[in-house]
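Heads up, the thing below is written out as structure tokens.
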Amino acid sequence: GAAGSLLATAGAMRAAGLLLAWALLQPAATQQCHPGSPGGVLRFTDRHAEIRVPALHRVPSSLDPLYGLVRRCLDLIQQNPLPTELLRTALNDPGSVRTSQVLQYELGYVVCAAVALLFTVAVPVAGMCFCYCRSRRRCGGRLRAHRRSLGCRRRCLLACLSFTSLVILISVTCAFVTSQRVKGQMEPGLGAVPSTLRTLRQHLANVPQGVQMVVDKFEVPRKQINSDLGGLSRSVGLSIHAQLKAMTYAALADLQDRAGDLQTSLHHLQILHRTARALAAARAELEPALRERRRRVVELLDDPRCTSCASVLGRAQGLELGADYGKVPSVEKVLKALAGLPRSDFAEMIRQGNGTFNSIPELAVERMAQVIQDLRGDLARTAEKVQSIADGFPLPDYTRPVSEALVKAEDRSQPYLREAERFERYRWIAGTVLCSIILLILACNVTGMALGAYGLSKREDPSDYECRGEAGAKFLLVGVGLAFLFSWLLILLVFATFLVGGNIQTLVCRNWVNQEIYKFIDTPGNLPPSMNLTRQLNLRRDSNLSSAYRECKSGAGLWEVLQLDRSYDLDEHLKAPKYTAEFQKRLGDFTANLGDVRLLRSEGRQDLETFARSGVDEVDYGRFQEEMKNPVVQTSLPGLARNLEGLQKMQRNGTVAGRLAAEARALWQMQNSTVQSQEALVVKLGESVQFLSRLAPHLKEQVKRTLATTASVEARLPVQAQQILRQ
């Protein structure tokens, strides 16, 4: 009973596998691809990937060792490979199939059939013989006197019968469990066949929708581009300003320095000219007064009445003028050349140039408005071209045969599925009834053993002993009778399920796993024209079902499985330049006149050129510095005055002392009124000479560089702005 249930389980599972295999051999089994997620910035979703072909898997259980035992038994019984010649003959010319070929392939099952037939005949015959023997009272049934040897024999028989009953109980329990599990797995397995076929057809029917969804994904970059275009003009303007501001600000700073040099140089030249003339005039005025003062002081110190005056006489004789600024070079010619400069307002000019450059972002927004609008129009036309991919996609022409084959397979599978379902229902009912009879036999055995054992324990009461012993014997006889009556039916059920399930396992499932079935289908001539799967599935002549199945199982796309790339060059139709050429061309020709940025107007340039040619650098400032080394008066008037004051205190003659005091006051007055003012002018002159002498050697070079830099920046700004704009 347990063996029969296990074989029935294996047979039912293999039957479901056969039906599913038959149905899936007709269409091209496909699986949902799992495209890798893009690694770019743009994010795309793929809701179409939710369509999947379901796969059913048996949940592992504690009965797997029994299933493995059945499979090993089947592999031992049927060791022959796939009978390709026999199948080719059966499919193409069924009438020419010889029985000997079938029996040769099914030799293992023929032996099993012989054993089953022998059991089926032998058990009823043995039962009838037992009944005849019992009717003649020659096969037990009589109570025997108690003997020691008889008790040992009874215990041995009781142990054997108990062990047999235990084995039957375990077997029938396994049979009930496996039968119920087969029933529970058969129903979803049979339902999965049309469900899988419908899922495949839905997958094929949704391919055009999937193409449309892919085309709709162009909305992602289109929105991003439109968003970028919305802030493009200002972004470009800011980028131009950021990349060119260092160069522009440097040029403006250099220009501001040259304008400052012009203003400062002109100021110092004027100071130089005025101061030199003032010093020359002051010298001319000071000369007669100083000469008269020297004469009087020398005459006084040379007077014999002047005590100790000889020591100061030499210093008084050296009382002469020092620096002569009438000898320094004149800068009047330079001032005439710079007369009227600057004719332009450099500060305003620089402010305007700075303002024009800083207004580039706003100017870019204004000037690029039309170009942005044109780009948006090109993008809209590009979206229409992309939509033409979905509108002109020829995939239905290639998938229609597959869909029709799936519909045909679903229609053809329905009768077989109904038959399999009815077979499974009959199998379950028969298995349940026979297992219940086995349980009844087991109950009779257990009851008989219990009554017999109880009767033996009550041997003191002979009447009760005989009554219980006889009842136990009758229960055992009923169990034996039921076994003889129904065991041959059980073995027939076992053989039927063994034959069907075993052939499905060895002929279909095993060869499906090692892919011998696909090789058989792919071999030309094995299938009749009505079963040409390559033509029914619209596969190319050089393709085969084995490769298609492997690709589908590994997750390949329908495009690769049907090899549609040879009929419809998808790569060619999906090349981005084909749809974005006009957009790219407009980007390549992208121009926007941002206007000229004038950093230096023509009058300002003329002012700087005049400044460089004015001769500021030709003046001999060294002569000024040499004259400034000389004092205004060679002898220090304050020192001479203090000497005279000291001599005054030493004189005995009041007249000489009074004259010395008067001359000392006169020298102090000359120092404070004339010499000090000239010394202040010399200091002022020195500042101007120092600035001009430092500026003059590099003046022409600096002005020339400033003019060249300004012109270069003005010329490069539009060019580089266009380059940055295109980038």
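The values are calculated or read from the model by the stated rules, or taken from the named source; none is laboratory data. Note that this is a predicted model, so its numbers are computed, not measured. Cβ atoms come from the backbone with ideal geometry, glycine included; neighbour counts cover every protein chain shown. SASA here: full protein model, heavy atoms, side chains in, ligands and nucleic acids out. Shrake-Rupley method; radii C 1.70, N 1.55, O 1.52, S 1.80 Å.
Structure notes:
- Extended-chain gain in nm, criterion 0.36 nm per residue less alpha-carbon gap, Asp596 and Cys129: 155.5 nm
- Mean separation of Cα contacts under 8 Å, 6 or more apart, over the residue count of region 345-504: relative contact order %: 17
- Folded to 0 to 90 degrees: helix 602-613 orientation relative to the chain principal axis, Cα: 50
- Two-site label geometry, Ala450 and Glu560: point separation in nm, points 7 Å out along Cα→Cβ: 6.7
- The packing ranking, built from the mean of other Cβ atoms within 10 Å per residue, places the peptides 495-508, 700-713 in the order 495-508, 700-713, highest first.
- The order of Tyr416, Tyr518, Tyr568 by accessible area, most exposed first and with a 1.4 Å probe, is Tyr416, Tyr568, Tyr518.
- Checking the Cα-Cα distances for Lys336/Lys629; Lys327/Lys629; Lys327/Lys700; Lys245/Lys585; Lys629/Lys704; Lys217/Lys578 against a 24 Å cut-off, the pairs over it are Lys336/Lys629; Lys327/Lys700; Lys245/Lys585; Lys629/Lys704.
- Relative contact order, percent, region 228-374 [alpha-carbon distance under 8 Å, six or more residues apart]: 51
- The chain, accessible surface, carbon-and-sulfur percent (1.4 angstrom probe): 57
- Take each peptide in 246-258, 356-368, count the other Cβ atoms within 10 Å of every residue, and average; sorted highest first, the result is 356-368, 246-258.
- Matching label, Rg/Rh (Cα atoms, Kirkwood Rh) computed from the structure shown, candidates [x] 1.56; [y] 1.01; [z] 1.10: [x]
- Order by protection proxy (mean Cβ within 10 Å, highest first), peptides 160-173, 610-623: 610-623, 160-173
- Between Leu321 and Asp411, residue separation times 0.36 nm minus the direct Cα-Cα distance comes to 18.8 nm.
- Stretching the chain fully between Leu118 and Ala380 yields a gain of 85.9 nm (0.36 nm per residue, less the alpha carbon separation).
- Overall size of region 244-323 from C-alpha positions, given as principal axis extents largest first: 87, 23, 11 Å.
- Cut-off under 5 Å, modelled amide H: who pairs with Val633 long-range: Gly322
- Per residue, the average separation of C-alpha pairs within less than 8 Å and at least 6 apart gives the chain a relative contact order of 30 percent.
- What the Cβ-Cβ distance of Ala347 and Ala576 gives, at R0 = 60 Å and to the nearest 0.05, is a FRET efficiency of 0.65.
- Largest first, the residues Glu470, Glu551, Glu714 sort by 1.4 Å accessible area into Glu470, Glu551, Glu714.
- Helix 462-503 vs. the chain, principal-axis angle (Cα, 0 to 90°, nearest 10): 60
- Using alpha-carbon coordinates, inclination of helix 369-391 to the longest axis of the chain, degrees: 10
- Computed [θ] at 222 nm, helices only, for the chain once each DSSP H run of length n ≥ 4 contributes -39500 (n - 2.57): -25500 deg cm²/dmol
- Shown is the FRET efficiency for Glu618 and Gln370, computed with R0 = 60 Å from the Cβ-Cβ distance and rounded to the nearest 0.05: 0.60.
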